[in-house]
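K.L.:
Have a look at the structure that comes next, please.
The values are calculated or read from the model by the stated rules, or taken from the named source; none is laboratory data. This is a predicted model, so every value here is computed, not measured. Don't worry about glycine lacking a Cβ; one is built from the backbone with ideal geometry, like all the others, and counts go over all protein chains shown. The area values use the complete protein model at the heavy-atom level, side chains included, leaving out ligands, DNA and RNA. Shrake-Rupley method; radii C 1.70, N 1.55, O 1.52, S 1.80 Å.
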Amino acid sequence: MKCFIKIFLIFFIVISPIFGKAQFLDSLKSFVSHKPRVAFRFDSKTTFISTSGVSIWGLNLGLDFNNKLKSGLGFYFLRSRLHKQQRISREFFPDTSVDSRLFVYYGGIFAEYVFFQNEKWEMCFPLQVGFGSSWYRYDVSGRLYDRDKHFIALYEANISAQYKILWWLGVGAGIGYRLMIVNNSAIEENFNAPIYTIKTKLFFGDIYRKFFPKEEKKIE
C-alpha cells in the first residue's frame, strides 16, 4: 500500500507539468475563447485521517469553459465525527480526560481539465490547493473550548471518469491523493492520504434545454 501511494504521488507530481505545457497550454486559448458558464456543484470525498475512513464535503463555485476547463473556488469541511480522549489541565478542572472532536475546514482554488470526452465517457484531471485550519473541540460543564488550532495548507490531485447512463443521468468515480504542504504539528493524526470519489450526476443543462428549447430566429 505504501509503495502504491508513493508511485501514485510521484505520477501526479510529474504528470501535472506535462499536462500544463504540452496539452493544456496549447488548448487554453481555444477554451477561453468561448463564453464561460457559471458552474456550481456539491462535492463529496472519501479519504483517511490516520487509519480512520472519513467523508469530506464541499461546495465548488467557478466558471466552465466549453465543458473542457473548469476553475474557481471551493470550500470543504470534515463531515465525519472523529473523537479521541485528551487530557487537559485548567485551573478550574485540573488534569482531566475529556472527549474531543476533530474539526477541519479549508477553502481554496481548484482547476479541472477534461482530457478525454465522447458521447458517453468523460475523463478529467482535477487539482486543488487549499488553505484552512484544523483543531480539537471539547466540552467542559456545557462550555466549548478549542485547542491546538493551527493553519494548514494542502494539495490534492485526482483522476476521475464519468459515464453517461442516460441523456440526463451519469455516474462517476475517481482516485487521488492529498498531500499536506503545511500540517498542524500540534495534532498527531496523519492527513496525507488517498482520496476516493463515487458520484452520480444530473445533467441539468441537458434537462433544461430539452424542456425549454430555444426558438430559432427566423431570417426575413
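K.L.:
With every protein chain kept in the model, how would you rank TYR138, TYR105, TYR155 by accessible area, 1.4 Å probe, largest at the top?
P.N.:
Numbers: TYR138 10, TYR105 85, TYR155 45 Å².
Largest accessible area first, the list is TYR105, TYR155, TYR138.
K.L.:
Report the calculated FRET efficiency for ILE165 and ASN190 (r = Cβ-Cβ distance, R0 = 45 Å), to the nearest 0.05. Intermediate values should be presented prior to the final figure.
P.N.:
Numbers: r = 37 Å, r/R0 = 0.82.
Efficiency, rounded to the nearest 0.05: 0.75.
K.L.:
Shifting gears a bit: When the chain is fully extended, how far beyond the present Cα-Cα distance does ILE207 get from SER141, taking 0.36 nm per residue of separation?
P.N.:
Working: separation 66, 0.36 × 66 = 23.76 nm, distance 5.27 nm.
Stretched out fully, the ILE207 to SER141 stretch lengthens by 18.5 nm.
K.L.:
If you roll a 1.4 Å probe over the heavy atoms of the protein chains, what accessible area per residue do you get for the stretch 78-194, in Å²? The partial results should precede the final answer.
P.N.:
On the way: 6140 Å² over 117 residues.
Ligands and nucleic acids excluded, the result is 52 Å² per residue.
K.L.:
Also, I was wondering about something else. Under unit Cβ charges (Lys, Arg +1; Asp, Glu -1), what dipole magnitude, rounded to 20 debye, does the stretch 112-211 have relative to its Cα centre? Kindly include the intermediate steps, with their values, before the conclusion.
P.N.:
Numbers: 11 positive and 10 negative charges, 75 e Å.
Here the size comes out at about 360 debye.
K.L.:
For THR51 and LYS199, FRET efficiency with R0 = 30 Å and r from the beta-carbon atoms, rounded to 0.05?
P.N.:
Details: r = 25 Å, r/R0 = 0.83.
With a Förster radius of 30 Å, E is 0.75.
K.L.:
With r as the distance between the Cβ atoms of ARG87 and ALA153 and R0 = 22 Å, compute the FRET efficiency 1/(1 + (r/R0)^6) and round to 0.05.
P.N.:
On the way: r = 29 Å, r/R0 = 1.31.
Between ALA153 and ARG87 the formula returns 0.15.
K.L.:
With label points built 7 Å along Cα→Cβ from the Cα atoms of ILE175 and THR96, find their separation and express it in nm.
P.N.:
Spacing of the two 7 Å Cα→Cβ label points: 4.7 nm.
K.L.:
Kindly report, to the nearest 10 Å², the accessible surface of THR51 as traced by a 1.4 Å probe over protein heavy atoms only.
P.N.:
Accessible area, nearest 10 Å²: 130 Å².
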